[in-house]
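Participant: Here you go, one structure.
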Amino acid sequence: MMRIGMIEAIFFARFLPEQGTKVVHQSPPGCIVSEPGVDRPCMFDFETMSEYIIPKQAFCNRYVSISEPEGKWRILGHPVCIKSDRYERNEFIFNFCLVISMKVEKAPHETVVRRLASTFTELEIQNQYLSKEDLSNSSDRRSIAALLEIIKEDLNNYNECKIPVGVTEINMKLFPAYKQPPPVKLWHVPITKIRLEDVMDSTWDLTLNKIVAHIDGVKDVSRIAHDADVALHLTKTALQHLLYYECILMVDIFMFGNIYAPTPLITDFIANKDGLQKECADYVFINGPRLDNFYLVRMFTSLCTGRTLKEWLKLHMDDGLPVMDHVDVRRFIQFGIIKGLVYRIHKYAVSSQVLEQKGEVGVAEDDDDILQKYLDGCHHFDQIMVEQNMDDVKIMEYLRNNYPKGDVDIIYR
């Protein structure tokens, strides 16, 4: 699962009519500007960045992300300008900022910055919580410096904080930001990365509850929808949800007619980087005495672009290595795909006749030709097999019977 980066510092800055932009409070002490009795270097030159932290009014009341000149830290803020005749110059400008590493994903922290701005804006409008800080004698009032320290520590340790402040409260939570996954296709095969049964409860979506039991690393999306008796579009949506939260990953349909080839990362497996060979052995070996890890290396490196898995198995059997007696071939290939050690070479059909028709304006597709739309070189056989419920042999037979000899070329890529 994706981890949320640490908040390295948090500070409160405001514009003072006679002094300009000033850091009023900071945590940890001395991280942004020097403080008496604190011996630590500042994270960046505040004077250089001050015009962006308290910017011109055109940039106020909106979320901003600033990179300091050395490219080490990112400052996230939401400068606020409150206009009122009770302030000198009829306005009060402030900003609560977080400082994170440039290597850290900033998206999870945006909601926190926005919430800080809205909460303290409300407090300032209600009772001038920020502008009258030095004049308040209330014993119930929390100091802003203490609030900043609590917010930083709670968010870093627990990814959330809930702090009562007067009649309101600061209530924030950090959520990891996941990348949008690629769309789920009918011919994809989902594999779980965690034990979904351990995290499921009665509040889960009904569709998810129905399909989870059918995710076994063998069934494709179309078969899962059929066996779970769930509509295809609902199955795809549910799996997209699991894919987004990195609970599953997608691989191709496993068939012995597939072709796979090693990637440059196979060198990591050969060198046994991070114990890859043992991890693979634990995943793929079946009952009986285990082979030496050398044979796993040999099997991966003997995969190539012109050899199907069926031919690959025969090659090893002829060499005296009955692979299927020792190894679950499906899991062996899936391990290679998951770790990036091998890649799938797909099979496509390209018809010159279909390509010519696509280039001609006003030529409609033949509704009686069920494969015509797949013969432009953009649709591999996995898609055809699942959508048309045909195996490889039937597809090739259909092409021979319905297209002139030499019109259709088979391409592997």
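Participant: If you check each cysteine of the chain for another cysteine whose beta-carbon is under 4.7 Å away, which ones come up empty?
Facilitator: Lacking a cysteine Cβ partner under 4.7 Å: C31, C42, C97, C161, C247, C280, C304, C378.
Participant: Over the Cα atoms of region 1-58, Rg to Rh with Kirkwood Rh, two decimal places?
Facilitator: 1.05
Participant: Any idea what the relative contact order of region 301-413 is, in percent, if you count C-alpha pairs under 8 Å spaced at least 6 apart? Don't jump to the answer; show the numbers that get you there.
Facilitator: On the way: 82 pairs, mean separation 32.1, N = 113.
In percent, rounded to a whole number, it is 28.
Participant: Charges on Cβ only, +1 for Lys and Arg, -1 for Asp and Glu, centred on the Cα centroid of the chain; of I75, L186, I150, which one is farthest towards the dipole's positive end?
Facilitator: The Cα lying farthest towards the positive end belongs to I150.
Participant: Ranked highest first by the average count of other Cβ atoms within 10 Å around their residues, in what order do 277-284, 236-243 fall? Please list the in-between numbers first.
Facilitator: Values: 277-284: 16.6, 236-243: 19.8.
Per-residue mean Cβ counts within 10 Å order the peptides as 236-243, 277-284.
Participant: Per q in 0.12, 0.15, 0.18, 0.22 Å⁻¹, report the Debye log10 I(q)/I(0) for region 22-154, using one uniform scatterer on each alpha carbon and no solvent.
Facilitator: Ignoring solvent entirely, the Cα scatterers give -0.50, -0.79, -1.15, -1.61.
Participant: Same structure again: Pick out which of R223, R298, R115 has the largest mean-square fluctuation in a Gaussian network model of the chain, springs linking Cα atoms closer than 10 Å.
Facilitator: R298
Participant: Let me have the relative contact order for the chain, percent, based on Cα pairs under 8 Å that are six or more residues apart.
Facilitator: Values: 587 pairs, mean separation 44.1, N = 413.
Contact order relative to length: 11 percent.
Participant: Counting only helical runs of four or more DSSP H residues, what would the 222 nm mean residue ellipticity of the chain come to if each run contributes -39,500 (n - 2.57) and the total is spread over all its residues?
Facilitator: Values: 15 runs with 146 residues, N = 413.
Counting only the DSSP helices, I get -10500 deg cm²/dmol.
Participant: Oh, and also: Which whole-number percent is the relative contact order of region 1-88 (Cα, under 8 Å, 6+ apart)?
Facilitator: 17 percent
Participant: What dipole magnitude, in Debye to the nearest 20, does the chain give about its Cα centre under +1 on Lys/Arg Cβ and -1 on Asp/Glu Cβ? If you can, show how the numbers build up before the last one.
Facilitator: Values: 47 positive and 59 negative charges, 109 e Å.
Dipole magnitude for the chain comes out near 520 debye.
Participant: Students often check this: by mean Cβ neighbours within 10 Å, which of 25-32, 263-270, 401-408, 375-382 ranks highest, and how do the rest follow? The partial results should precede the final answer.
Facilitator: Working: 25-32: 20.5, 263-270: 15.9, 401-408: 12.1, 375-382: 18.2.
Put in order of decreasing packing, that is 25-32, 375-382, 263-270, 401-408.
Participant: Now for a separate question. Between rounded, prolate and oblate, where does region 170-293 land on the alpha carbon gyration tensor, with a ≥ b ≥ c its root eigenvalues, rounded for a/c under 1.5, else prolate if a/b exceeds b/c?
Facilitator: Numbers: a/c = 1.93, a/b = 1.44, b/c = 1.33.
Cα axes put region 170-293 in the prolate bin.
Participant: I would also like to ask the following. Across 10 Å bins from the origin, how do the percents of Cα pairs in the chain run, short distances first?
Facilitator: Taking every Cα pair in the chain, the percentages come to 4, 16, 19, 16, 15, 14, 11, 5, 1, 0.
Participant: Would you mind working out the magnitude of the charge dipole of region 44-126 relative to its Cα centre, with +1 at each Lys and Arg C-beta and -1 at each Asp and Glu C-beta, to the nearest 20 Debye? Show your work: numbers first, answer last.
Facilitator: Working: 11 positive and 12 negative charges, 60 e Å.
That gives region 44-126 a dipole magnitude of about 280 debye.
Participant: Which value, in debye to the nearest 20, describes the size of the charge dipole of region 200-354 about its Cα centre when Lys and Arg Cβ atoms bear +1, Asp and Glu Cβ atoms bear -1, and nothing else is charged? Working shown, then result.
Facilitator: Numbers: 16 positive and 18 negative charges, 86 e Å.
Charge dipole of region 200-354: 420 debye, to the nearest 20.
Participant: When the distances between all Cα atoms of region 347-412 are binned every 10 Å from zero, what whole-number percent does each bin get?
Facilitator: 20, 60, 19, 1
Every number here is computed from the coordinates shown, using simple stated rules; none is lab data. Just so you know, these numbers come straight off a predicted model, no measurement behind them. Cβ atoms come from the backbone with ideal geometry, glycine included; neighbour counts cover every protein chain shown.
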